[in-house]
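Student: Take this structure first; my questions come after.
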Amino acid sequence: MAQFLFRGLRLYNTTILSKTAACCKCQQNTFKLISYVQPSFSTLLNKKLYSSLTEKKPAETSGTTRVLDPLDIFGENKDERLKEKEKAIKNLKIGFFFIGASLMMVLGSGLYVLMDDNYYKKDEDEKDIYPVRVFNRGKLAVREFFESMRAPSYEKLLPDPLPYPYIQPPYTLIIEMTDLLVHPEWTYTTGWRFKKRPNVDYFLEQVSQNYEVVVFTASNGFNVYPILDSLDKNNVIMYRLVKNATDYIDGHHVKNIDRINRDLSRVIMVDWNVDSVKLQRENALVIPRWTGEDGDQQLIQLAEFLNVVSASEVNDVREVLSYYKQFDHPLEVFKENQRKLLEMQEEQKQISGTLPINKARGSWKNKYLYGK
């Protein structure tokens, strides 16, 4: 199309150099500089009369005469254009042939599998005719294919816990990377960069003492692994789970910790996106998203909360997390509960002396964790 327009526009130039223009007197190919000025009606009429006279009285030349090739409106050889067109049609036919042959091979292989593989014959009605049964097997195969695309790449997301005498942390922490540990930023000059959140090193050092730290994110692995390599200098992050470990449900990549191969009563998920943890909301602590502020102190509060849970030796973390699920800022609520508990401890010191937190009665622990 672009070539057609380009050649058409050449007709409207003021002057062009024509290689195949023929002199009307000597009937030989010569180079002529032709001016394409809009001709008048009288000029066109004279050209028509002159051409009719030359057709009636052909020029007699001595020797052989050169026959001109027919020209199209673009000044090109029509025979060459026809040859190119035939060649293009031939190549197109060959391409369609190979595409059709490939499709036939794929369909034939699929039909062979559906007819002979006993896996797709389950739960089918023997009363149906054979073509209907093959069609139902095909629907089952297609449905299972798309389900496999939405499901994680493997059933067990983590290996089995470490056996004795190796030390297995009592709790498992699953935390999101993007907008909790780092924040992505993009500018025209630098492109994509990831900003490290304040107090990340302190947070990882604190929680790694009592938690099996797992980073679980919906980002691609080729982006996640280099970031974590530079972020985790002390190698406290034990496992890294990325996009192919999530379940794709209703347009969202969801973290299904039923596949985590751990006791869910001792698993805590920390995330900012409710849709990512909707399958096991009772195991999730949803905190506000970090957008890159420099004075952020939320990781310090999160580390303190997690250390209190482990120090209190909570049997089922879901009881604690269900209480904080009702708040938009659960760490602020925890901080307020901590302040109230410290005031109660000061009052108790004046009455009966010092009472350590770890040896406090159950009601005091509940006050410290649940605010009750």
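Student: For the stretch 275-292, indicate whether the set of residues that are more than 17 Å from I175 (Cα to Cα) and outside any helix (DSSP H, G or I) is non-empty. Full working, then the answer.
Tutor: The first filter runs over the stretch 275-292 and keeps only residues more than 17 Å from I175 (Cα to Cα), leaving 292.
Now restrict to residues that are outside any helix (DSSP H, G or I): 292.
Checking the stretch 275-292: at least one residue is more than 17 Å from I175 (Cα to Cα) and outside any helix (DSSP H, G or I).
Student: Also: Among the residues of the stretch 241-261, count how many are surrounded by 17 or more Cβ atoms within 10 Å (Cβ to Cβ), free of Cβ contacts under 8 Å to residues at least 40 places away in the same chain and assigned to a loop (DSSP other than H, G, I, E, B).
Tutor: Residues that pass the stated criteria total 1.
Student: Where the second residue is of a type in the set (D, E) and the first is open to solvent by less than 10 Å² (accessible area, probe 1.4 Å) and lies in the stretch 262-278, which pairs have Cβ atoms under 6 Å and are six or more apart or on separate chains?
Tutor: If the second residue must be of a type in the set (D, E), the pairs left are D271/E176; V277/D271.
Student: So how many residues does the stretch 301-329 have that are under 19 Å from R266 (Cβ atoms), touching a helix residue (DSSP H, G or I) at 6+ places or on another chain (Cβ under 7 Å) and open to solvent by less than 70 Å² (accessible area, probe 1.4 Å)?
Tutor: 16
Student: Let me ask you something else. Any idea which residue in the stretch 154-175 is nearest to the chain's Cα centre (by Cα), counting only those that are within 17 Å of V242 (Cβ to Cβ) and open to solvent by 20 Å² or more (accessible area, probe 1.4 Å)?
Tutor: Y154
The values are calculated or read from the model by the stated rules, or taken from the named source; none is laboratory data. Just so we're clear, the structure is a prediction, and the values are computed from it rather than from any experiment. Don't worry about glycine lacking a Cβ; one is built from the backbone with ideal geometry, like all the others, and counts go over all protein chains shown. Accessible surface is based on the protein model in full, side chains and every heavy atom, while ligands, DNA and RNA are left aside. Shrake-Rupley method; radii C 1.70, N 1.55, O 1.52, S 1.80 Å.
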